[in-house]
Ligand code: AP5
Ligand code: MG
């Protein structure tokens with residue numbers, strides 16, 4: 001099994017690169033952001049509650065996102081593995097993920113961090129806000145998301161560094177070049 005966390009700040013390219021990874025390795029993509037946005041579109045009680053947080057650039061409560069991930073692991077049972085995108089987002093979620101994987105006799109293979117400088121993140125997200133109109137890409141909300149990433153989410157990298165399950169990849173440049181670097185780094189790690 002290959003269980004990856006694709007990690008990085010808002011706009012780092014987690015969603016973009018996850019799509020390529022699931023295709024190459026036959027994995028299942030679990031993006032808490034996408035799952036929550038689908039709940040919002042379908043106007044479910046979870047979605048209505050989650051939008052109060054997402055529209056302000058703050059994290060949805062841990063219990064909600066952990067329950068959403070748990071339900072998908074129970075349903076799916078993909079024997080090849082998973083790409084976790086946007087989850088875990090804080091240390092409590094990281095601990096919960098480890099426990100959850102252990103419950104299914106799995107474990108995390110590796111966290112892959114995409115490194116992208118602040119100014120590039122801002123310009124990618126503002127461009128996407130013009131093209132796609134994601135509600136949380138408004139400039140004030142983007143700044144809040146980036147601040148929260150530094151304060152609450154970034155420490156998750158140390159958690160996995162301490163377990164020797166961490167690599168980082170330069171996330172600047174062409175998407176296919178970045179993907180090739182990610183694949184090379186994963187394969188090197190697994191040797
Ligand atoms: P989430 O959906 O996870 O958003 P995010 O982490 O803020 O990241 P993005 O989806 O904006 O960026 P990305 O890294 O996926 O980059 P992408 O590939 O799209 O979370 C949204 C919200 O949901 C959170 O704020 C929170 O409220 C809630 N939430 C989600 N998970 C949660 C959790 N676990 N706990 C609690 N709350 C949670 O790329 C960005 C743009 O750049 C795209 O337009 C893309 O086309 C472009 N791009 C990609 N690669 C390149 C490149 N190489 N060069 C130029 N442009 C590029
Ligand atoms: Mg994304």
key: Among 104, 84, 179: highest mean-square fluctuation, GNM of the chain, C-alpha pairs under 10 Å   = 104
note = With 0.36 nm assigned to each residue of separation and the Cα-Cα distance removed, residue 42 to residue 102 gains 18.4 nm
task = Using Cα centres only, tell me the gap between region 177-191 and region 1-49 in whole Å.
result = 20 Å
task = Averaging sequence separations of C-alpha pairs under 8 Å and six or more residues apart, then dividing by the length of the chain, give the relative contact order as a whole percent.
result = 32 percent
inquiry  = Let me check the size of region 1-140 from its C-alpha atoms; what are the radius of gyration and Dmax in Å?
reply    = 15.1, 44
ask   = Who wins for biggest fluctuation among 119, 129, 92 in a Gaussian network model of the chain, springs between alpha carbons below 10 Å?
value = 119
query = What percent antiparallel are the DSSP beta bridges of the chain, to the nearest 5?
reply = 0 percent
Cα point-scatterer Debye curve for region 67-191, base-10 log of I(q)/I(0) at q = 0.09, 0.15 Å⁻¹ = -0.31, -0.89
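How high is the FRET efficiency from residue 139 to residue 28, r the C-beta distance, R0 35 Å, rounded to 0.05?
Values: r = 33 Å, r/R0 = 0.95.
The computed FRET efficiency comes out at 0.55.
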key: the chain, helix-only ellipticity at 222 nm - DSSP H runs n ≥ 4, -39,500 (n - 2.57), divided by all residues, nearest 500   = -17500 deg cm²/dmol
Residue of 130, 99, 20 that the Gaussian network model of the chain assigns the largest fluctuation, springs spanning Cα pairs under 10 Å = 130
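The numbers here are math on the coordinates, done by the rules we state, and not lab data. Bear in mind that the values here come from a model prediction, so they are computed numbers and not experimental data. Here Cβ is always computed from backbone atoms with ideal geometry, including for glycine, and neighbour counts include all displayed protein chains.
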